[in-house]
2 protein chains.
Amino acid sequence: MENTESSDKNLTGNLLVAQSGGPTPVINASLAGVISAALQFEDEIGEIYGAVNGVEGILGENLVDLAAESQQTVRLLSTTPGAALGSCRRKLNTPEEFARILEVFKAHDIRFFHYIGGNDSQDSSKKIADYCASQGYEVRVIGVPKTIDNDLPITDHCPGYGSTVKYVATTVRELSLDSASLGRNNLVTIVEVMGRGAGWIAAGATLARRKGVPEDAPHIVLLPEAAFDAAAFAERVREVLTRQTHCVVVAAEGLKDAAGNFLGAGTGVDAFGHPTLGGVCEYLKSVIENTFAGVKTRCCRLGHVQRTASHCASMTDITEAFEAGAAAVKAAVAGETGKMVVIVRDEREHYSVRMELSELDGIANGEKLFPAAWIGGDGMSVGGQFAKYALPLIYGEPKLSYENGLPKYAELARYGVEKKCPPFSENA
Amino acid sequence: MENTESSDKNLTGNLLVAQSGGPTPVINASLAGVISAALQFEDEIGEIYGAVNGVEGILGENLVDLAAESQQTVRLLSTTPGAALGSCRRKLNTPEEFARILEVFKAHDIRFFHYIGGNDSQDSSKKIADYCASQGYEVRVIGVPKTIDNDLPITDHCPGYGSTVKYVATTVRELSLDSASLGRNNLVTIVEVMGRGAGWIAAGATLARRKGVPEDAPHIVLLPEAAFDAAAFAERVREVLTRQTHCVVVAAEGLKDAAGNFLGAGTGVDAFGHPTLGGVCEYLKSVIENTFAGVKTRCCRLGHVQRTASHCASMTDITEAFEAGAAAVKAAVAGETGKMVVIVRDEREHYSVRMELSELDGIANGEKLFPAAWIGGDGMSVGGQFAKYALPLIYGEPKLSYENGLPKYAELARYGVEKKCPPFSENA
């Protein structure tokens, strides 16, 4: 019954791709890269399938035929936010789950599997690859990185990060112009951005500063990697407000004190008696309002907008996300498995990258924090090396299609693939 | 000592322009329109001055020479957010203030004054016009409308509204794609937008729906003009979540219950014992979480971003804002005073507008609420007439200049005008 093929370059069969975790502005560009590359390997790859809602779609045998989608739809995918195939946050744990995935793979002759996702998703990729190998079923598993948090190890940066930072920096620059219009040395604008463990996005806001204009916002940047000191923060706000009409603070949601406590956790109670999750914005607002008389604070929590603002995506990021998807397919066809595509930056004067592969083992359980050497001695600023690293990632704007005044985004037709397996019972 | 000229079309002198109130994405386009038009009247208009921070700049004789700004800067103004001259929220009240304004007008031979602002600012315009007339000093005062809230009477719509709605609708569409990626009939995304008294912006979010796609977000729209009913709201959320994987709610910050109480006022207490301003998002989140088990809610409060997102501005709005500024200058030169520019929509098949004038009296103290006839019978939706009204306002995208991956925005050099008056003491 078991397949016992040995690994060879001439493996043929069908391809399955899925998306997982929080969407990014370019997670669909990677999907488009997978589809486009797969179409080029007609000798090796038969059908190009997508699983709806990540591994949940595999378990439920909820597959769609991506080759049947129109070319127009696939072209639009690269600038479409959200996960066009649907996403999930499911981690695979039980032997029944892995057996089910193998059952579906076998039923549909899936020989190439690409999971577009972050740490947890690549952990699933790894386990699927290992399980199939242990059962003698050959499938090539190559992950495609994705996360706005930029916290995956090994890869120079992650698809999704550049677009999020472009949006955040644009927004901070715009907010600072609004704030400067009304400030009289008495206005503090606090912008809370994503980043529970790593401060990459908060640091990215510093790209809002123009070269040679040190008074540009943001004036204070607070990362989870630097323990927050309320007194030092208040003193810095005071300094900024003596020099400038207003002060812009960018804070990561995962800001912690020296004891490691999250400052955004909140201790208040809402109208229903439930504890409030105040958020870092509200916490910092309290610090300021309890320190200064007559200083106004504004809170701006960007929330999920920052991971979905495709209208402000980076063309560099879109291109790299597409290429990462395409590279995964090429590597799988070439015989690779159990790896993830990583972006390697060339050591050249002008920015350029190439796609390479790394073992899934090293990716799945690591977290790349913001480098301590790039954090200013005051713990509230970011050094120039960061700008050199991050600036190329936000270059370029896609040409968006507009319809009725709004960006036109792709919607997959999701042509269903006929089911061949019995239903999967979660509690079997 | 007093000037006693009679009003005639051949008045000559200098022009002063100022900005007031909350900035919009296009308040500087109106400034560019004023400057550009003023340059065309070299027989009538000598210097083109700006007051820094609205009437505060007049009181403080803090004037800048706008004709000295580079053409490049003035061109960039049309796509630059914030108030390039600085803004203020000051209302004029005392006889000393009006006397001071006249003193500064006389010292700089200001014969044309344009205040770009909303209700309060046009109230100031009116009072300045009346005071100068009462003192026999001829100055032509023509206001330029501005407010993202779209709540000024008489004008068909307000410059600033179209761009804010384009940004809000774009964001709602993008958030809904993210939300749809993860929803399993259990995810509610709440987007809180500006609008204390009027629901124009919340209603504008409905432009995110594509024609003929009734399942598109937003699924529920809550305006201040329709009294909120928690039970009916919860029932509607339930209905949406039975049909769809997720539910997107857009709520105006000024949402009220049947007794007229603001629901976003909050009754909680923060870590410092201060009452929290929970916001409408948090209130609605509580309603949902207290009604449904297993439903997740996300809050997204767009805050000040929505009035400053020039990277997502409407070209129609930019053009009209520019034309409104230019029309104010032309009207003043032609002998008009004590009026504000209003936008009149032509009754044609294709959208077109013309700039007309209206008495400042009628503008200053009115508030145009969202029409009751356009609110659905359920109080949680908006009828098709609104889309017909609002859709043309969000058409078109400006070609932005980018520098280092971000939009390039104008910064006035602010060449100071020599002071001629003694300092003004606020407490004189």
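The values are calculated or read from the model by the stated rules, or taken from the named source; none is laboratory data. The model shown is predicted, which means the values in this text are computed figures rather than measured ones. Backbone-built Cβ (ideal geometry, glycine too); neighbour counts: all protein chains shown. Note: accessible area is taken over every heavy atom of the protein model, side chains too, but ligands, DNA and RNA are not part of it. Shrake-Rupley method; radii C 1.70, N 1.55, O 1.52, S 1.80 Å.
So the values come out like this:
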| item | result |
| --- | --- |
| Most fluctuating residue given options B:ALA334, B:ALA321, B:ALA258, as computed from a GNM of chain B linking Cα atoms under 10 Å | B:ALA258 |
| Spatially proximal lysines relative to A:LYS256 (Cα-Cα < 29 Å; intrachain offsets below 8 disregarded) | A:LYS91, A:LYS146, A:LYS166, A:LYS285, A:LYS296, A:LYS368, A:LYS388, B:LYS285, B:LYS296 |
| Shortest-first distances to equivalent copies, position A:LEU39, nm, label 7 Å out along Cβ | 4.8 |
| Two-site FRET efficiency, B:LEU369 against B:GLU349, from Cβ-Cβ distance with R₀ of 25 Å, rounded to 0.05 | 0.35 |
| Protection proxy ranking, peptides A:339-351, B:96-108, B:19-31, average beta carbon neighbours within 10 Å, highest first | B:19-31, B:96-108, A:339-351 |
| Gyration tensor verdict on segment B:367-428 (Cα atoms; rounded if a/c is under 1.5, prolate if a/b is larger than b/c, oblate otherwise) | oblate |
| MRE, 222 nm, helices only [DSSP H, n ≥ 4, -39500 (n - 2.57), over chain B, to nearest 500] | -10000 deg cm²/dmol |
| For segment B:271-357: relative contact order, % (alpha-carbon pairs under 8 angstrom, 6 or more apart) | 15 percent |
| Per residue solvent-accessible surface (Å²) - the protein assembly as shown, probe of 1.4 Å | 37 Å² |
| Threshold 20 Å² - residues in segment B:308-323 whose accessible area is reduced by that much or more when the chain is no longer isolated, probe 1.4 Å | B:THR308, B:HIS311 |
| FRET E, pair A:ASP229, A:ASP156, Förster distance 35 Å, beta-carbon r, rounded to 0.05 | 0.65 |
| Fraction of accessible area attributable to carbon and sulfur, segment B:289-403 (%, probe 1.4 Å) | 51 percent |
| 7 Å along Cα→Cβ, label-point gaps from A:ASN185 to other copies, nm, shortest first | 6.1 |
| R0 of 41 Å, Cβ-Cβ distance B:SER401-B:ARG89: FRET efficiency to nearest 0.05 | 0.85 |
| Heavy-atom accessible surface that B and A bury in contact, both chains counted, 1.4 Å, Å² to 100 | 5100 Å² |
| Mean projected area in nm² (Cα convex hull; one quarter of hull surface) for segment B:313-399 | 7.7 nm² |
| Between helix B:315-333 and chain B: long-axis angle, C-alpha atoms, 0 to 90°, nearest 10 | 30 degrees |
| Label point at B:LYS419 placed 7 Å out along Cα→Cβ; residues across segment B:94-129 whose backbone nitrogen lies under 14 Å | B:104 |
| Pairwise label distance in nanometres, A:ALA265 with A:LYS408, each label 7 Å out on the Cα-Cβ vector | 5.0 nm |
| Directionally averaged shadow of segment A:92-243, computed from the convex hull of its alpha-carbon atoms, nm² | 12.5 nm² |
| Members of segment A:399-425 that become less accessible by 10 Å² or more once partner protein chains are added (1.4 angstrom probe, chain alone as reference) | A:TYR402, A:GLU403, A:ASN404, A:GLY405, A:LEU406, A:PRO407, A:TYR409, A:GLU411 |
| Environment charge at A:GLU56 (Cβ cut-off 13 Å; Lys +1, Arg +1, Asp -1, Glu -1) | +2 |
| Acute angle (nearest 10 degrees) that the helix A:279-291 long axis makes with the longest principal axis of chain A, alpha-carbon atoms | 10 degrees |
| Loop-resident sites, segment B:203-241, for GluC sites (Glu not before Pro), counting at most 12 other Cβ within 10 Å (DSSP) | B:GLU215 |
| Computed over the protein assembly as shown, the ratio Rg/Rh where both radii use C-alpha atoms and Rh is Kirkwood | 1.01 |
| Mean separation of Cα contacts under 8 Å, 6 or more apart, over the residue count of segment A:84-194: relative contact order % | 18 percent |
| Among B:THR79, B:THR297, B:THR308, residue whose mean-square fluctuation peaks in a GNM of chain B (springs only between Cα atoms under 10 Å) | B:THR297 |
| Partnerless Cys - chain B, beta-carbon criterion under 4.7 Å | B:CYS88, B:CYS132, B:CYS158, B:CYS247, B:CYS300, B:CYS312, B:CYS421 |
| Cβ neighbours within 10 Å from other chains - mean over B:82-88 | 5 |
| Mean-position separation - Cα centroids, segment A:387-425 and segment A:292-331, in angstrom | 14 Å |
| Å³ per residue enclosed by the Cα convex hull of segment A:1-153 | 107 Å³ |
| Mean-position separation - Cα centroids, segment A:182-255 and segment B:21-76, in angstrom | 31 Å |
| Accessible carbon and sulfur surface of segment A:1-155 relative to its total accessible area, %, 1.4 Å | 44 percent |
| Note, ³J(HN,Hα) from phi for segment A:88-102, Karplus 6.51, -1.76, 1.60, rounded to Hz, x at Gly and Pro | 7, 10, 7, 9, 8, 10, 8, x, 4, 5, 5, 4, 5, 4, 4 |
| Size of charge dipole - segment B:93-236 - debye, nearest 20, with Cβ of Lys, Arg +1 and Asp, Glu -1, no other charges | 420 debye |
| Globularity ratio of chain A, using Cα Rg and 2.2 N^0.38 Å | 1.06 |
| Relative contact order (%) - criterion: Cα under 8 Å, at least six apart; region: segment A:1-142 | 36 percent |
